[in-house]
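Nothing in this text is a laboratory measurement; each read-out follows from the coordinates by a stated rule. All values reported here derive from a predicted model rather than from experimental measurement. Every residue, glycine among them, receives a Cβ derived from its backbone with ideal geometry; neighbour counts consider all protein chains shown.
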Amino acid sequence: MSKKVWIFVGAMFALATLAVRIVPHAPNLVPVGALALWAGAYLNKRVAVPLIVGVMLLGDARDLLSGQYSLSLAVVIYGAMLFYIPIGAVLSHRMVGGWRIVAPFVSVFIGSLIFFVLTNGAVWAFGSWYPKTGVGLMACLVAGIPFLRNSLVANTEGVAIFFGATALLLAIPRIGEWRTARQTI
């Protein structure tokens, strides 16, 4: 498929993700990580990074403008989300054979753990909710487990949808080839 088609598909997935981010939802129950994995696997990073940052900024605009976000925490959250892109790039080289189905889900787990550790570490480091001790860090990580669960659920579903739809798009030309071959027999 052409570069323009991939960008269009990415834009459609981004709009769907943005729609989910805008409607009321449980914390972290949005497949932005799945979108970033897909963008890393199928788009150039010069397109993937602005796509993900754009979805994040548009989804957070109200909170950012009202001052509900700490700037230092927002930088860590956005940076942690961008870690999914290189994971997706590595993933794209692993999608052969049986790994084509397994690799995206393994990548969701790895990306979600990285996001969880970085963002909860930032809440502990920049916030005032937990003491700046090892016990405080552990308390922060334990308190974040429901957010990790939501992230894993949303990104697993997102990967199934985004990578599944992509597999169908990639199969369309082959379906035409099969029909043509069958008609010539």
To the nearest 20 debye, what is the magnitude of the charge dipole of the chain about its Cα centre, counting +1 on the Cβ of each Lys and Arg and -1 on the Cβ of each Asp and Glu? 520
Rg and Dmax [Cα atoms of the chain; Å; Rg one decimal, Dmax integer]: 18.6, 74
To the nearest 10 degrees, the tilt of helix 71-82 (Cα long axis) against the first principal axis of the alpha carbons of the chain is 30
To the nearest 10 degrees, the tilt of helix 32-42 (Cα long axis) against the first principal axis of the alpha carbons of the chain is 40
Run the helix sum for the chain: -39,500 (n - 2.57) per DSSP H stretch of 4+ residues, divided by residue count, reported at 222 nm to the nearest 500 deg cm²/dmol. -28000 deg cm²/dmol
Output the 0 to 90 degree angle, nearest 10, between the alpha-carbon long axis of helix 45-66 and the longest principal axis computed from the alpha carbons of the chain. 40
Excluding exposed DSSP-loop chymotrypsin sites (Phe, Trp or Tyr not before Pro) (at most 15 other C-beta within 10 Å), longest clean stretch of the chain: 1-68
